[in-house]
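Trainee: Before I ask anything, here is the structure I am working with.
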Amino acid sequence: MRFEPAVAGLGLGLAIAVLTGIVANVVARSNDPIVVEITIHYSHYSPASVSVPLGRPVTFVITNTDPIDHEWIVGDAATHERHRTGTEPVHGARPTEVSIPALSQRRTTVTFPDPGSLQFICHLPGHEAYGMVGTVTITTGG
């Protein structure tokens, strides 16, 4: 049986095309947002600590199961100090500042540019003191 070079070339070309498609699909998926679900119940976040990769979009799905409004503000100490003394009654223009009405769900997508830890806090009156505090850790390793 004789193996024709043209057939071999066609087979090799097909194999390269398939592998290229697989690699392109994996690369595209590595840039898709990671979904992190946070539930608010009895004025607490669950989970209260999450870890996400640096530079990758993260879609936070925040579900408020309480019959009262809450907010999810993620940031550094200066951000939280500004919100403790601020007067913004509703959030939604910034992906790191979200108001979640009673018995509702909000989605927000954030890409963290720097490694480290940030807090997420509800700054409605008394909520932080009651324990509505969590941590997001941004990691550089896979």
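Trainee: Name, by its number, the condition in (1) touching a residue at least 12 places away in the same chain (Cβ under 8 Å); (2) among the hydrophobic types (A, V, I, L, M, F, W, C); (3) surrounded by fewer than 18 Cβ atoms within 10 Å (Cβ to Cβ) that does not hold for ALA93.
Mentor: (1)
Trainee: Looking at HIS80, HIS70, HIS123, which is the one that is assigned by TED's automatic domain parsing to the domain that holds SER43 and touching a Lys or Arg at 6+ places or on another chain (Cβ under 7 Å)?
Mentor: So the residue among HIS80, HIS70, HIS123 that is assigned by TED's automatic domain parsing to the domain that holds SER43 and touching a Lys or Arg at 6+ places or on another chain (Cβ under 7 Å) is HIS123.
Trainee: Name the residues in region 70-90 that are surrounded by 18 or more Cβ atoms within 10 Å (Cβ to Cβ) and under 21 Å from TYR42 (Cα atoms), would you?
Mentor: HIS70, GLU71, TRP72, ILE73, VAL74
Trainee: Filter region 96-116 for residues that are assigned to a strand (DSSP E or B) and over 14 Å from the mean Cα position of the chain (by Cα); which is nearest to ARG82 (Cα to Cα)?
Mentor: Out of the qualifying residues, it is SER99.
Trainee: Sticking with this structure for a sec: So PRO67 passes all but one of these: (1) out of contact with any Phe, Trp or Tyr (no Cβ under 7 Å at 6 or more places or on another chain); (2) under 18 Å from SER43 (Cβ atoms); (3) surrounded by 13 or more Cβ atoms within 10 Å (Cβ to Cβ). Which condition number does it fail?
Mentor: Only one criterion is unmet by PRO67, namely (3).
Trainee: Can you confirm whether region 110-126 contains a residue that is of a type in the set (Ser, Thr, Tyr), surrounded by 11 or more Cβ atoms within 10 Å (Cβ to Cβ), farther than 20 Å from HIS41 by Cα and at pLDDT 95 or above?
Mentor: yes
Trainee: State whether the residues of region 88-95 include one that is acidic (Asp, Glu), more than 21 Å from GLY141 (Cα to Cα) and either assigned by TED's automatic domain parsing to the domain that holds GLY131 or assigned to a strand (DSSP E or B) (or both).
Mentor: Taking every residue of region 88-95 in turn, at least one turns out to be acidic (Asp, Glu), more than 21 Å from GLY141 (Cα to Cα) and either assigned by TED's automatic domain parsing to the domain that holds GLY131 or assigned to a strand (DSSP E or B) (or both).
Trainee: Please go through (1) in contact with a strand residue (DSSP E or B) (Cβ under 9 Å, 6 or more places away or on another chain); (2) over 24 Å from ASP32 (Cβ atoms); (3) aromatic (Phe, Trp, Tyr) for TYR42 and return the number of the only condition it doesn't satisfy.
Mentor: With (1) in contact with a strand residue (DSSP E or B) (Cβ under 9 Å, 6 or more places away or on another chain); (2) over 24 Å from ASP32 (Cβ atoms); (3) aromatic (Phe, Trp, Tyr) applied to TYR42, the lone miss is (1).
The values are calculated or read from the model by the stated rules, or taken from the named source; none is laboratory data. Fair warning: this is a prediction, and the values are worked out from it, not measured in the lab. When we count neighbours, we look across all protein chains shown, and the Cβ atoms used for this are built from the backbone with ideal geometry, even at glycine.
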